[in-house]
Amino acid sequence: MNYTFTAATHNDLPTIMNIYRSLIGQPGCTWSLDYPNEEIIAADIAEQALYMLKDGDAIIAVAAIIVVEEFNHLPFTIKKPCDLARIGVIQPMQGKGIGKLILHKVMAEAKKKGYGGVRLLVSKTNPTAISLYENNEFTRCGETFMFDIDWFCYQLAFD
């Protein structure tokens, strides 16, 4: 397949919101109608922190590279980290390696931007995401309870 990886623009916001909404209720998904919301996605786009994977003109996956100061007290050890957030793959493309592909693309982008590695929280009830990160060299480095959810903490330092 010939997928393209690019930063999202304001014109992509409605489609991206539809993708996030379509994933609510999937096993392990912690999202709701309140999160992620349009304000958060617009801010990600304005900061050039939201990326998408496209198949032709269709957006098939999205992910954000942000810095979440609220995570600084957690057991992460990476120097100059960024945080992977709001990674999602449209339902018809799930199970086809698209999550792994966008994960590798956003990690390459984070490295290009000078970050020392990626950290993230994944819901303890999301076996698909846990498998994605563990199969791609992320290390579980702790647990936390935030935002009324139990999370595993994962990180991957760049070489």
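The values are calculated or read from the model by the stated rules, or taken from the named source; none is laboratory data. Nothing here was measured: the structure is a model prediction, and the numbers come from that model. With ideal geometry, Cβ positions are generated from the backbone for all residues, glycine too; neighbour counts draw on all protein chains shown.
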**Study point:** Qualifying position, being touching a Pro at 6+ places or on another chain (Cβ under 7 Å) and either in a helix (DSSP H, G or I) or not polar (S, T, N, Q) (or both), among Y20, Y35, Y51
**Key:** Y20
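Taking the range 105-140 on its own, how many of its residues are among the β-branched types (V, I, T) and either farther than 16 Å from A64 by Cα or modelled with pLDDT under 95 (or both)?
To start, the set of residues in the range 105-140 that are among the β-branched types (V, I, T) comprises 106, 118, 122, 125, 128, 130, 139.
Retained after the next criterion (residues that are either farther than 16 Å from A64 by Cα or modelled with pLDDT under 95 (or both)): 125, 128, 130, 139.
The number of residues fulfilling the criteria is 4.
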Review point. Which residues, counting only those in the range 1-32, are under 16 Å from the mean Cα position of the chain (by Cα), farther than 18 Å from W151 by Cβ and among the aromatic types (F, W, Y)?
Key: F5, Y20
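Give me the residue from the range 25-36 that is surrounded by 13 or more Cβ atoms within 10 Å (Cβ to Cβ) and not small (G, A, S) and, out of that set, modelled with the highest pLDDT.
We begin by selecting, within the range 25-36, every residue surrounded by 13 or more Cβ atoms within 10 Å (Cβ to Cβ); these are 26, 28-31, 36.
Keeping just the survivors that are not small (G, A, S) gives 26, 29-31, 36.
Details: Q26: 90, C29: 91, T30: 93, W31: 93, P36: 96.
Looking at the filtered set, the residue picked out is P36.
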Review point. Does Y115 count as in contact with a Pro (Cβ under 7 Å, 6 or more places away or on another chain), crowded, with 18+ Cβ neighbours inside 10 Å and closer than 25 Å to I45 by Cβ?
Key: yes
Review point. Take the residues of the range 141-159 that are surrounded by fewer than 19 Cβ atoms within 10 Å (Cβ to Cβ) and over 17 Å from N72 (Cβ atoms): which is modelled with the lowest pLDDT?
Key: D159
Review point. Can you tell me which residue in the range 90-104 is nearest to L50 (Cα to Cα), limited to those that are surrounded by fewer than 19 Cβ atoms within 10 Å (Cβ to Cβ) and of a type outside the set (A, V, I, L, M, F, W, C)?
Key: H104
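Just name the residue that is nearest to I19 (Cα to Cα) out of those in the range 86-96 that are under 15 Å from the mean Cα position of the chain (by Cα) and assigned to a loop (DSSP other than H, G, I, E, B).
Only one residue fits best here, namely I90.
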Check your understanding: Residue check, F138 against (1) under 21 Å from M17 (Cβ atoms); (2) surrounded by 21 or more Cβ atoms within 10 Å (Cβ to Cβ); (3) among the hydrophobic types (A, V, I, L, M, F, W, C); (4) out of contact with any Cys (no Cβ under 7 Å at 6 or more places or on another chain), all met but one. Which one?
Key -> (1)
Check your understanding: Could you list, in sequence order, the residues of the range 54-85 that are surrounded by fewer than 19 Cβ atoms within 10 Å (Cβ to Cβ), outside any loop (DSSP other than H, G, I, E, B) and charged (D, E, K, R)?
Key -> K54, D55, E69, E70
